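What follows is a set of notes on a single structure, which appears directly below.
Each reported figure results from applying straightforward, stated rules to the coordinates on display, with no laboratory input. Keep in mind it's a predicted model, so treat the numbers as computed, not measured. Note: ideal-geometry Cβ built from the backbone for every residue, glycine included; neighbour counts use all protein chains shown.
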Amino acid sequence: MPVNSFDNYYMSWRPQFDKSKKPYYLSLAVQLEEDIQSGLLLPGTKLPPQRELADFLDLNLSTVAKAFSVCEAKGLLIAKIGKGTFVQYGRGKTILLPQNHDEIQMGATIPEIKSYYYIKDIINSMLQEEKFEELFSYGKFWGRDWQCEAGAEFIKKAKVIIKPENILLANGGQNAIAAIMMALVQYGDKIGTDSFTYPGLKTCARMVGVQLVSIRDENGNITSESIANACINEKIKVIYLIADYNNPTTLSLSVAERKILVQSAEKYNLTIIEDAIYAFLRAEPLPAIASYDAKRTIYIASLSKVLAPGLRLAYIAVPDHLLKLVAEALYNLNVVVSPFMAELATRLLVSEQGQTIMKAHMMERRERNALVDKYFNEYCCAGDNDSLFRWLILPRAMSEAVFVAKAKERGVIIFPSEKFAIGLTVPANAVRLALTTQEDITEFENGLKILLEILEQG
């Protein structure tokens, strides 16, 4: 029995621990995870101090500490120096793909598909070539020379100047992120990022056992002080950011913020992962972070949003001193990038057909953004006419959980801010609206009308 009595002592978590199941730390970790997933322990809940919990359960302190570490690695908990251990926000499922075709899908960010038939022309020409069978062999794992040259030329639009030999190919942006994280971080490390960020990053972080830390200050700004705090107090080694049209908030970093990041990276010896997934939605991309410092920045240019998500190809611009590490991680993950897919995607990128697809995507986005502006002109709905999604701030009287639930009841699927929150970031009472997931624009407009009705009804 525990030495001390806890009968009249407040504890935010009183697990009914079964000592018949060993090892004890794993059994405790499983129960903690179950209580979090069931909602018994809500996001933001401060757990009892480890020493008190160990005393309550009559366990060694090391057993409790190990159980907490397991759950931290899974992204369920976050430890704050001098404050304690808390249940993380955004700990739920991160699968963002459409699940039901009968619903109006405004969840996952997928470009419109009406222009994809242009791809047929290039595929047909590839299959008519004399050595087309080479496209189905292993090939070079880093890609052919001309594919790397095309990637280097493409990212010049964002003022990123790099040698083709420093371009690596990955099977899409998510694959690139996973490989880079495998190359740069170790179990228990911390990565700085936005308070609300891409759920795929959260998934990767859980897989490799690292913790995500916000580098924004209490006002939501990136400053030299906020980065210094993350470096000194949280010991971050890497920063991951979507500099253009952050997913989900649609925010783009100012030139001043980009320069602050570069200066801080030099001061604290940080590596920046710049995910340019949405940068090329603009006809004229903003100067990338990598354009100010290509020596400390790994730049990812994925084609999924500007061409087609099924074209799983991303170009990674890697500094010399990290090239071998990232290349080895990519090889261990993939062995090779599909030669067929790499060749198809690269030919599209430099072709008239590819440019036609990009223009068609842009026209569709702008048409749908105009509809969003029409229906939500009296509400705060962040984003502009090139956005692939919008960030709708809800009135105080309407919680995001209620809004999302009411929308689902009426057949409209949207994503709440909690899906994107990291650590102890409190959900923003906002939702992300994807613009082109729903193929039919009339149905998309109907979805907007339904959401507006829910808002007006309160």
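From most to least packed by mean Cβ count within 10 Å, the peptides 118-129, 321-332 give 321-332, 118-129. Using the empirical formula 2.2 N^0.38 Å as the baseline, the Cα radius of gyration of the chain reaches a ratio of 1.05. Against the main long axis of the alpha-carbon atoms of the chain, helix 352-375 sits at an angle near 50°. Any idea how far apart Ala256 and Glu439 come out in nm if each label point goes 7 Å out from Cα toward Cβ? My value for the distance between the label points is 4.6 nm. Rounded to 0.05, the FRET efficiency of the Ala65 and Tyr331 pair, given R0 = 41 Å and the Cβ-Cβ distance, is 0.70. Axis angle, to the nearest 10 degrees, between helix 224-234 and the longest C-alpha principal axis of the chain: 50 degrees. Across the options Gly220, Leu53, Asn332, the greatest Cα extent toward the positive end of the charge dipole of the chain (unit charges at beta carbon of Lys, Arg, Asp, Glu) belongs to Leu53. Relative contact order of the chain, taken over Cα pairs closer than 8 Å and 6 or more residues apart, is 21 percent. Relative to the longest principal axis of the Cα atoms of the chain, the long axis of helix 320-334 lies at roughly 80 degrees.
Under 5 Å from the amide H of Thr45 lie the amide H atoms of Val87, each residue being 5 or more positions distant or on a separate chain, with H modelled from the backbone and absent for Pro and chain starts. The length gained by stretching the chain between Lys267 and Ser38 to full extension, at 0.36 nm per residue less their Cα-Cα distance, is 78.1 nm.
With a simple spin-label model that places each label point 7 Å from the Cα along the Cα-to-Cβ direction, the separation between Thr223 and Glu284 comes to 3.2 nm. The alpha-carbon of Lys131 sits under 19 angstrom from the alpha-carbons of these aspartates and glutamates, leaving out residues fewer than 8 places away in its chain: Asp121, Asp145, Glu343. Once the Cβ-Cβ distance of Glu456 and Glu134 is raised to the sixth power relative to R0 = 56 Å, the FRET efficiency obtained is 0.40. Holding the Cα-Cα limit at 19 Å, pick out from Lys267/Lys295; Lys46/Lys202; Lys19/Lys83; Lys83/Lys237; Lys374/Lys449 the pairs that are longer than that. From Lys267/Lys295; Lys46/Lys202; Lys19/Lys83; Lys83/Lys237; Lys374/Lys449, over 19 Å: Lys46/Lys202; Lys19/Lys83; Lys83/Lys237. The label-point distance for Lys46 and Lys22, in a model that sets each label 7 Å from Cα toward Cβ, rounds to 3.6 nm. Overall, the chain carries a charge dipole of about 940 debye about its Cα centre when +1 sits on the Cβ of Lys and Arg and -1 on the Cβ of Asp and Glu, all other atoms neutral.
For the range 24-87, the Cβ-based charge dipole about the Cα centre amounts to some 300 debye (Lys, Arg positive; Asp, Glu negative; other atoms uncharged). Amide H contacts for Val213 (H built 1.01 Å from N in the peptide plane; partners 5 or more residues away or on another chain; cut-off under 5 Å): Ile191, Gly192, Thr193. The length gained by stretching the chain between Met126 and Ala360 to full extension, at 0.36 nm per residue less their Cα-Cα distance, is 81.9 nm.
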